[in-house]
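Notes for the one structure printed next.
The values are calculated or read from the model by the stated rules, or taken from the named source; none is laboratory data. Predicted, not measured: the structure shown is a model, and the values here were computed from it. Don't worry about glycine lacking a Cβ; one is built from the backbone with ideal geometry, like all the others, and counts go over all protein chains shown. Remember, those area values only see protein heavy atoms, side chains included, never the ligands or the DNA or RNA. Shrake-Rupley method; radii C 1.70, N 1.55, O 1.52, S 1.80 Å.
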Amino acid sequence: PASFHNPMVRKIRKKVRKKVLPIFREMIKDIKDSKRKSATKLEMLIDRMVYRHKSQAPSAESWHRDVTPKKYLVKGDEIFGGWVNLDLDKTQAFSCIFGSHLGVDLRSLKEGFAALPRDQMKKLNKIKSKATIPPGHIIIFPQYIFHEVVSKKASYDMRRLFTGWRTTIDTGPLFEDIE
């Protein structure tokens, strides 16, 4: 509930939306189909917060894609995840395979937590990259980029506000019953 009702979080979300809107406008401007381009909108998706105490570690998640179920998507929808680093002086990191979302149709993927077979995971470990997110910055990525969650104990109290975005021609929200 703190992620939805907290006045400070709402203020941060509004500020973040204002900052990322030009980025999404540029992305929408690159849509080739002019009819689709003029109909595309940006939806901000409400997500959770995390406060990880010093010495806590997240649960490890092997290489996977996060995939929204098809029943919620309209053809051409793009779903993005990410977070705002709310730490005052610590950089956070995102482990992923840059470019692994390119040429992939979101609607063709296995829904939910789409993990890879173990033999393929070893290959990804050799080509993985780390994106760094400085304090007060945001990272935005296609939810279906291959990524992992590394179970590493925090050396400080870590704070993060997760974000989500959808570009769509749909006229309704991604999740109807948000009330």
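Looking at (1) farther than 30 Å from residue 176 by Cβ; (2) surrounded by 15 or more Cβ atoms within 10 Å (Cβ to Cβ), can you tell me which one residue 132 breaks?
Residue 132 satisfies all of (1) farther than 30 Å from residue 176 by Cβ; (2) surrounded by 15 or more Cβ atoms within 10 Å (Cβ to Cβ) except (2).
Within the range 44-63, which residues are open to solvent by less than 70 Å² (accessible area, probe 1.4 Å) and either of a type in the set (A, V, I, L, M, F, W, C) or modelled with pLDDT of 95 or more (or both)?
44, 45, 50, 57, 63, listed by residue number.
Only residues in the range 113-129 that are touching a residue at least 12 places away in the same chain (Cβ under 8 Å) count as the first member; pair them with residues that are of a type in the set (S, T, N, Q) and surrounded by 14 or more Cβ atoms within 10 Å (Cβ to Cβ), Cβ under 9 angstrom, at least 6 apart or cross-chain, and list the lot.
124/100; 128/95; 129/95
Being farther than 20 Å from residue 69 by Cα and surrounded by 13 or more Cβ atoms within 10 Å (Cβ to Cβ) is the filter here, so list the residues in the range 98-124 that pass it.
98, 121, 124
Given the residues 87, 77, 66, which is the only one that is under 27 Å from residue 156 (Cα atoms) and surrounded by 11 or more Cβ atoms within 10 Å (Cβ to Cβ)? Steps first, answer last, please.
Numbers: 77 fails: under 27 Å from residue 156 (Cα atoms); 66 fails: under 27 Å from residue 156 (Cα atoms).
Result of the check over 87, 77, 66: 87.
On the given criteria, is residue 28 loosely packed, with under 14 Cβ neighbours inside 10 Å and modelled with pLDDT of 95 or more?
It is false that residue 28 is loosely packed, with under 14 Cβ neighbours inside 10 Å and modelled with pLDDT of 95 or more.
Within the range 147-179, count every residue that is assigned to a loop (DSSP other than H, G, I, E, B) and open to solvent by less than 30 Å² (accessible area, probe 1.4 Å).
Counting residues in the range 147-179 that are assigned to a loop (DSSP other than H, G, I, E, B) and open to solvent by less than 30 Å² (accessible area, probe 1.4 Å) gives 3.
Within the range 135-146, work out how many residues are open to solvent by 20 Å² or more (accessible area, probe 1.4 Å), in a loop (DSSP other than H, G, I, E, B) and either touching a Cys at 6+ places or on another chain (Cβ under 8 Å) or at positive phi (or both).
Of the residues in that region, 2 qualify.
For residue 100, indicate whether it is farther than 30 Å from residue 9 by Cα and modelled with pLDDT of 90 or more. First the steps, then the outcome.
Working: farther than 30 Å from residue 9 by Cα: yes; modelled with pLDDT of 90 or more: yes.
The answer is yes for residue 100.
Are there any helices (runs of 4 or more DSSP H) wholly within the range 1-101 with 3 or more residues that are free of Cβ contacts under 8 Å to residues at least 24 places away in the same chain and closer than 24 Å to residue 174 by Cα, and if so which?
Filter on the range 1-101 gives 7-29, 34-39.
Which residues, counting only those in the range 151-166, are over 16 Å from the mean Cα position of the chain (by Cα) and under 27 Å from residue 100 (Cβ atoms)?
Matches in the range 151-166: 151, 152, 154, 158.
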